[in-house]
Amino acid sequence: MAILPIVEVPDARLRETAEPVAEVNDAVRATVADMFETMYDAHGIGLAAVQVGIMQRIVVIDLQERELEEGEPREAARDPRAFINPELSWLSEETSSYNEGCLSIPEQYAEVTRPTRCRVKWLDTTGATQEAEFDGLMSTCMQHEIDHLNGVLFIDHISRLKRGMLLKKLDKLRRG
Ligand SMILES: [Zn+2]
């Protein structure tokens, strides 16, 4: 396993469309393991392969939502989930807003409105087809990560004015 460098805006790779995974093999499983290690190291809850420069349709998510018992290490709340070739098959008409962030746009957040619920089809790490409906933060995170596979960032869902302000703040942050 390895912690991979995270690709940040304005890297052009974040604007490309990722390729479907042709076969779920050991190389894909190794990529998934590296992605989890990278995501945990960066304190993220979701990561798409394109964010580590791998142009394949792979997403990992771990909301780490479970309340910890006293004395339990942070790692005890882990609930890693990998999604290969994930596809949105349904989106609810109802929408909700979350304050979203992205490891490729460090320390910047904005309210993004998306469908509240979504239905997703994907391959698991054994290559089996799975399908499930998600809501709440899991739904938001899933839509955010699938966007990455299509070269879309959360800042594309906010106004041009807000996007401009956010990128200016990021610029300032980077210059120190
Ligand atoms: Zn992101």
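The values are calculated or read from the model by the stated rules, or taken from the named source; none is laboratory data. A quick note: this is a predicted structure, and the numbers were derived from the prediction, not measured. Neighbour counts run over all protein chains shown; Cβ positions are idealised from the backbone, glycine included. Please note that ligands, DNA and RNA were not included when accessible areas were found on the heavy atoms of the full protein model with its side chains. Shrake-Rupley method; radii C 1.70, N 1.55, O 1.52, S 1.80 Å.
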So which residues in segment 57-114 are open to solvent by 90 Å² or more (accessible area, probe 1.4 Å) and within 16 Å of the ligand (Cβ to nearest atom)?
-> Asn99, Glu107, Tyr109, Glu111
Residues of segment 121-176 that turn out to be more than 16 Å from Glu111 (Cα to Cα) and among the aromatic types (Phe, Trp, Tyr), as a count = 2
Subset of segment 149-176, residues open to solvent by less than 80 Å² (accessible area, probe 1.4 Å) and in a helix (DSSP H, G or I), comes to Leu149, Phe154, Ile155, Asp156, Arg163, Gly164, Leu166, Leu167, Leu170, Asp171, Leu173
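Within segment 132-139, can one find any residue that is more than 13 Å from the ligand (Cβ to nearest atom), assigned to a loop (DSSP other than H, G, I, E, B) and at positive phi? Lay out the reasoning, then the answer.
First, the residues of segment 132-139 that are more than 13 Å from the ligand (Cβ to nearest atom): 132-139.
Those left that are additionally assigned to a loop (DSSP other than H, G, I, E, B): 135.
In the following step, the residues that additionally are at positive phi were identified as none.
No; the residues of segment 132-139 include none that is more than 13 Å from the ligand (Cβ to nearest atom), assigned to a loop (DSSP other than H, G, I, E, B) and at positive phi.
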Is at least one residue of segment 108-115 in a helix (DSSP H, G or I) and touching a helix residue (DSSP H, G or I) at 6+ places or on another chain (Cβ under 7 Å)?
-> no
Just name the residue that is farthest from the ligand (Cβ to nearest atom) out of those in segment 42-52 that are over 9 Å from the mean Cα position of the chain (by Cα) and open to solvent by 30 Å² or more (accessible area, probe 1.4 Å).
-> His43
Please give the number of the condition Pro10 fails out of (1) under 16 Å from the mean Cα position of the chain (by Cα); (2) closer than 27 Å to Pro115 by Cα; (3) surrounded by fewer than 19 Cβ atoms within 10 Å (Cβ to Cβ); (4) at pLDDT 95 or above.
-> (1)
